[in-house]
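Working notes, structure below.
The values are calculated or read from the model by the stated rules, or taken from the named source; none is laboratory data. Predicted model only: the values in this text are computed from it and were never measured.
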Amino acid sequence: MNHYFKISTHEQYYMDFLMAEHLQRRLQNQENELIANPICDSTELTIYQSPKRDNMCPQCGQQFIWCLCHLNDK
């Protein structure tokens, strides 16, 4: 009889089942809290723009340090 292959049963996975149930209940509780207490009441979406990173050229869409549009304006 080969001892390397073991018949897997649910008894080997009790802790996995327990952790899966715990995580599932935790996620469900978080979803219920978000539904009950929304973070933002307004439907208006505001997008954060970094003052250094998000400076984009309106013509080509590149960042200003890589933009060459000012050379074509001459």
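Annotations for the structure displayed:
- ARG26 being at pLDDT 70 or above and basic (Lys, Arg): yes
- Test: residue in the range 2-14 that is of a type in the set (Lys, Arg) and at pLDDT 70 or above: no
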